[in-house]
Amino acid sequence: KLHKICVLPGDGIGPEIMTVAKKALSLAGQKEGEEFQYTDCLIGGAAIDATGKPLPDETLATAKASDAVLLAAIGGYKWDTLPSAQRPERGLLAIRAGLNAFANLRPAIVPRQLADSSPLKRELVEGVDILIVRELVGGIYFGQPRGFGTNDKGERIGYNTDVYSEPEVERIARVAFEAARKRGKRLCSVEKSNVLEVSQLWKEVVIRVGKDYPDVELSHMYIDNAAMQLLRNPKYFDVIVTGNIFGDILSDEASMLAGSLGLLPSASISGAGPGIYEPVHGSAPDIAGQDKANPLAMVLSAAMMCRYDLAIPKVAERLEKAVDAVLDAGLRTGDIYKQGTPNTKLVKCSEMGEAL
Ligand code: NAI
Ligand code: MG
């Protein structure tokens, strides 16, 4: 089958890691009878230089007409002095909004070959494979009313509102249950329903949606306990679903289980229409153009795209196995290379790509 991919290499190391990902994806697809048609478009600083806008209309139109969007990274020193409304980062927010990407999926996987580079003990993190599903466009970051004011004692106050509607919870819960169904079939919903009404509604709706997924085992945890369990026993978790602010904090906490940014993929999806698949890291301007970047997060993002948007899990598995194999072979780009580790070799981005 032919899959139309909108490719956004962006800035900095973006084009280098994207070259690797496209080639790996095409080869993995070939083995499974899947074909990819890539349409390269501009975003970020590269788009500002060429068109004056961080997200040209043409890019958004191509993205909407594609099966999925593969994005490397945007930003760099050159554009850092622009006013924030004109910066490359705006392109990222605009494409997420333009595709209604309300669900942010962030796996926290610790490859066994790298379990020693985690700040936690090897026994705790070896084999960790968690998927955090974070609601991205609601909750306290967007709720109204918000602002500054004065209380009845005449003191200045700041306030925000944590609010979710039933349909907002329902759609993120469905994404999480669907994801859990494709993985370990266990879902943990994280909230604070012992204190917050918004969390009580969250929990009720998640339980209701769960009736449609009898094959997925549902559990519930308060956010404070979840933050603790993530460090005490991370292997307890398979898929976690949570609101915007709790997900923000938990996904940053979970990313440190792996110890390196260069390995972490992500997806931002709407559940209908194309999703955006991108590494968690930025454009790494300090090493751009030097063939030093780690392309594995980008390749694993392509694997997520195959699994979640394109429904070709066998291609995803091939990519994941290739990543496993190059790590087994001891190949390490600079960010994951530890001098003195036996049977490892420092390699360039392009060498890692060839090996994949
Ligand atoms: P960064 O993630 O680009 O870099 C942080 C550090 O990690 C740097 O030392 C970098 O060399 C290293 N690093 C990151 N990815 C790597 C990879 N694949 N291989 C090897 N080393 C890697 O974050 P930073 O420095 O805060 O931001 C740089 C630029 O990226 C900024 O313009 C920022 O706005 C943008 N950015 C873009 C994001 C995106 O496109 N989604 C996300 C985060 C930052
Ligand atoms: Mg954050």
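Taking segment 295-356, which trypsin sites (Lys or Arg not before Pro) meet the DSSP loop condition and have no more than 11 other C-beta atoms within 10 Å? Numbers along the way, then the final one.
Details: sites: Arg307, Lys314, Arg318, Lys321, Arg332, Lys338, Lys345, Lys348; in loops: Lys338, Lys348.
Within segment 295-356, the qualifying trypsin sites (Lys or Arg not before Pro) (loop, at most 11 other Cβ atoms within 10 Å) are Lys338.
Under the convention that each Lys and Arg Cβ holds +1 and each Asp and Glu Cβ holds -1, the size of the dipole of the chain around its Cα centre is about 380 debye.
Of all DSSP beta bridges located in segment 138-258, what percent are antiparallel, nearest 5? List each step's numbers first, then the result.
Working: 4 of 14 bridges.
Percentage antiparallel, nearest 5: 30.
Here is the tail figure for segment 138-258: Cα pairs spaced more than 17 Å apart come to 60 percent of all pairs. Here Asp67, Asp224, Asp212, Asp11 are placed in order of increasing Cβ neighbour count within 10 Å, fewest first, which gives Asp212, Asp224, Asp67, Asp11. Modelled label positions at Ser26 and Glu197, each set 7 Å beyond Cα in the direction of Cβ, lie 5.7 nm from each other.
So for Met256, Met298, fewest C-beta neighbours within 10 Å to most, what's the order?
Details: Met256 16, Met298 34.
Ascending Cβ contact count within 10 Å gives the list Met256, Met298.
Can you tell me the dipole magnitude for segment 138-258 around its Cα centre, using point charges on the Cβ only (Lys, Arg +1; Asp, Glu -1), in Debye to the nearest 20? Write down the numbers at each step before the final one.
Details: 16 positive and 18 negative charges, 70 e Å.
The calculated dipole for segment 138-258 is roughly 340 debye.
For segment 188-273, what's the relative contact order in percent, using C-alpha pairs closer than 8 Å and at least 6 residues apart? Before the final figure, lay out each step's value.
Working: 63 pairs, mean separation 28.8, N = 86.
Value for segment 188-273: 33 percent.
So, counting K/R as plus one and D/E as minus one, what does the shell of residues with Cβ under 13 Å around Trp79 add up to? Don't skip to the end; give the middle numbers.
Details: positive: Lys53, Lys78, Arg87, Arg90; negative: Asp11, Asp49, Asp80, Glu89.
Around Trp79, the charge tally is 0.
Cross-link partners for Lys4 among the aspartates and glutamates, with Cα-Cα distance under 17 Å and sequence neighbours closer than 8 places in the same chain left out: Glu32, Glu34, Glu35, Asp40, Glu58, Asp67, Glu278, Asp309.
Beta bridges per DSSP, both residues in the chain: antiparallel share near 40 percent.
No lab work stands behind these numbers, since they all come straight from the coordinates. Small disclaimer: the values here were computed from a predicted structure and weren't measured. All Cβ positions, glycine included, derive from the backbone under ideal geometry; neighbour counts span all protein chains shown.
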